[in-house]
Amino acid sequence: MLYKFKSPVAADVIMLQPNAEELLAIIGKAPGATGIITVEQASAAIAALKAEIGRREAPGAAPADGGEDRASDAAQEESVSLRRRAAPFVDMLECSSAAGKNVVWGV
């Protein structure tokens, strides 16, 4: 399944289900076919995403999977960071919040 986040003031952001649900979990939203991030919730969502990005990029942060073999290390190096994956979504939240518009998905 794909998630398509929409806002009247930003381009649509389309994500695969696991990636979108990870971001929704970070901001405290339940995954589902439809949802909304209100203007009032946007600043807390942005702060939560930035805090999680900072936590994962902190020196000495443990890998998410804890794997120690070379195959998982190579896969980890090729994976997309949370910062890069979340950037379009954070941009959408910031633009929408500044314009006083909600972000929705599945509508």
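We did not get these values from a lab; they are worked out from the coordinates using the rules stated. Keep in mind the model is a prediction, meaning the values are calculated, not measured. Cβ sites come from the backbone with ideal geometry, for glycine too, and all protein chains shown count toward neighbours.
Give me the net charge for the shell around Lys29: Cβ to Cβ below 14 angstrom, other residues only, Lys and Arg +1, Asp and Glu -1. Walk me through the numbers before you get to the answer.
Working: positive: none; negative: Glu21, Glu22, Glu40, Glu52.
Counting the neighbours of Lys29, the net charge comes to -4.
Mind jotting down the distance between the C-alpha centroids of the stretch 83-107 and the stretch 1-62, whole Å?
8
Counting Lys and Arg as +1 and Asp and Glu as -1, what is the net charge of the other residues whose Cβ lies under 14 Å from the Cβ of Lys50? Intermediate values should be presented prior to the final figure.
Values: positive: Arg55, Arg56, Arg83, Arg84, Arg85; negative: Glu52, Glu57, Asp91, Glu94.
Local charge sum for Lys50: +1.
For Val103, Val80, Val39, Val13, which order do you get if you count the other beta carbons within 10 Å of each Cβ and list the fewest first? Numbers along the way, then the final one.
Working: Val103 25, Val80 9, Val39 15, Val13 22.
Going from least to most buried by this count: Val80, Val39, Val13, Val103.
Using a 7 Å offset from the Cα along the Cα-to-Cβ direction at both Glu40 and Arg83, what is the distance between the two label points in nm, to one decimal?
3.4
Quick one: net charge of Trp105's neighbours, Cβ under 13 Å, K/R +1, D/E -1? Display every interim value, and only then the final one.
On the way: positive: Lys4, Lys6, Lys29; negative: Asp12, Glu21.
Counting the neighbours of Trp105, the net charge comes to +1.
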